[in-house]
Amino acid sequence: MNGVRFLDAGETALVVEFGDRIEDGLAARVRALDAAFGGKLPEGVRELVPTYRSLMIHYDPLRVDRATLVAAVDGALGGEGSVAEGRLWRVPACYDADFGEDLVHVADATGLSVAEVVKVHAGATYRLAMYGFAPGWAYLSGLPQALALPRRESPRDRIPGGSLIIAGGQALIAGGAMPSGWHILGRTPEAMFAPARDPAFLLEVGDRVTFDPVDLATFTHLQARADAGDAVAVRA
């Protein structure tokens, strides 16, 4: 239906694929299906996982068969409606040199000054397209074309949680310390994933994000609050 493909991911998951590229229109269709299908899950469906261009449906094959699941998805596809705009969040971001390890390199590679790199990155409005890779790793669409760079030639062994990173035309908030080949522009004190917080995931897929630049002293203050369990991003 409408170019949608059904792909098996092992014996316990079905991928409903809308396309093969990162595009806001495809992501909106994923969110619409997630909302339409999520309200009437067949018995045996365990979890729905939205991505940039597909929705993965985890299910128990002993409780629901593939044909029944595909038919249910077809019904939900036919009933797709408009998708909600999503909440808008202002996320504090510090672009101090200690946090923006790749600011100079990105400036050189793009022909911008360091100040212009910060202005372009912080001046955009992003949308949370998916969580992936590890808990709280927030993949954002909406990176300005001026900052579209490939990954670093040499990955780092570890980047800190909260790092604001870019690569391959994508922007991301790192949910925790991990190896990465993406370029680091700054850091946020906000935790996208905090198991002791309710809700544990701060943002919902489809929410919009802007970055609010703060100086190092403000970052340190906000980090102390975040470490105590407070959410320091604010709803705009």
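If I model a spin label as a point 7 Å beyond the Cα along the Cα-Cβ vector, how far apart are those points for Thr125 and Leu88 in nm?
Each label point is offset 7 Å from its Cα along the Cβ direction, giving 0.5 nm.
Where nothing but the Cβ of Lys and Arg (+1) and of Asp and Glu (-1) is charged, how large is the charge dipole of the stretch 1-146 around its Cα centre, in debye to the nearest 20?
460 debye
Which order do Lys119, Lys40 take when ranked by solvent-accessible area (1.4 Å probe, heavy atoms of all protein chains), largest first?
My answer, sorted largest first, is Lys119, Lys40.
Whenever you get a sec, compute what percent of the accessible area on the stretch 126-210 sits on carbon and sulfur atoms (1.4 Å probe).
The computed percentage sits at 53.
Please list, ordered by chain and number, the residues whose modelled amide H lies under 5 Å from the amide H of Gly186; skip anything fewer than 5 residues away on the same chain.
Leu164
Under a GNM of the chain (C-alpha, springs under 10 Å), which listed residue has the highest mean-square fluctuation: Asp96, Asp198, Asp34?
Asp198
Can you tell me the accessible area per residue over the chain, all protein chains present, probe 1.4 angstrom, in square angstrom? Working shown, then result.
Details: 11290 Å² over 236 residues.
Per residue, the chain has an accessible area of 48 Å².
Over the heavy atoms of Arg21, what accessible area does a 1.4 Å probe trace out, to the nearest 10 Å²?
Number for this one is 110 Å².
Under a 5 Å amide H to amide H cut-off, with H placed in plane at 1.01 Å, what residues pair with Ala171 once short-range neighbours are removed?
Leu140, Leu143
Report ³J(HN,Hα) in whole Hz for each residue of the stretch 226-234, in order, from the Karplus equation J = 6.51 cos²θ - 1.76 cosθ + 1.60 where θ = phi - 60°; Gly and Pro get x.
Per residue, the Karplus-derived 3J(HN,Hα) values read 5, 5, 7, x, 7, 8, 9, 6, 10 Hz.
How charged is the neighbourhood of Val64? Take every other residue with its Cβ under 11 Å from the Cβ of Val64, and add Lys/Arg as +1 and Asp/Glu as -1.
Within the 11 Å Cβ shell, the charges total 0.
Considering amide H positions built from the backbone, and no H for Pro or chain starts, which residues 5 or more places from Trp89, or on another chain, come under 5 Å of its amide H?
So Trp89 has HN proximity to Arg208, Val209, Thr210, Ala236.
At a 1.4 Å probe radius, which order do Thr218, Thr188, Thr51 fall into by accessible area, largest first?
Sorted descending by solvent-accessible area, the residues read Thr218, Thr51, Thr188.
Apply the Karplus curve 6.51 cos²θ - 1.76 cosθ + 1.60, θ = phi - 60°, to the phi angles in the stretch 163-174 and return the couplings in whole Hz, x for Gly and Pro.
These are the phi-based 3J(HN,Hα) values: 5, 9, 10, 9, 4, x, x, 10, 10, 8, 9, 6 Hz.
Taking the Cα centre of each part, how many Å lie between the stretch 100-124 and the stretch 180-215?
Between the Cα centres of the stretch 100-124 and the stretch 180-215 lies a distance of 19 Å.
Let me check something: with ligands and nucleic acids excluded, how do Phe6, Phe219 order by accessible area (1.4 Å probe), largest to smallest?
These residues rank, largest area first, as Phe6, Phe219.
Rolling a 1.4 angstrom probe over the protein chains, ignoring ligands and nucleic acids, what is the accessible area of Met130 in square angstrom, nearest 10?
Counting only protein heavy atoms, Met130 exposes about 30 Å² to solvent.
Please work out the Kirkwood hydrodynamic radius for the chain, using every pair of different C-alpha atoms, and report it in angstroms with one decimal place.
18.9 Å
Once the piece of chain linking Ala146 and Asp230 is laid out straight, how much longer is it, given 0.36 nm per residue of separation minus the C-alpha distance between them?
26.9 nm
The values are calculated or read from the model by the stated rules, or taken from the named source; none is laboratory data. Worth saying up front: this structure is predicted, and the values here are computed from it rather than measured. Reconstructed Cβ throughout: ideal geometry from the backbone, glycine too, with neighbour counts over all protein chains shown. Just so you know, the surface numbers come from the protein's heavy atoms only, side chains and all, with ligands and any DNA or RNA stripped out. Shrake-Rupley method; radii C 1.70, N 1.55, O 1.52, S 1.80 Å.
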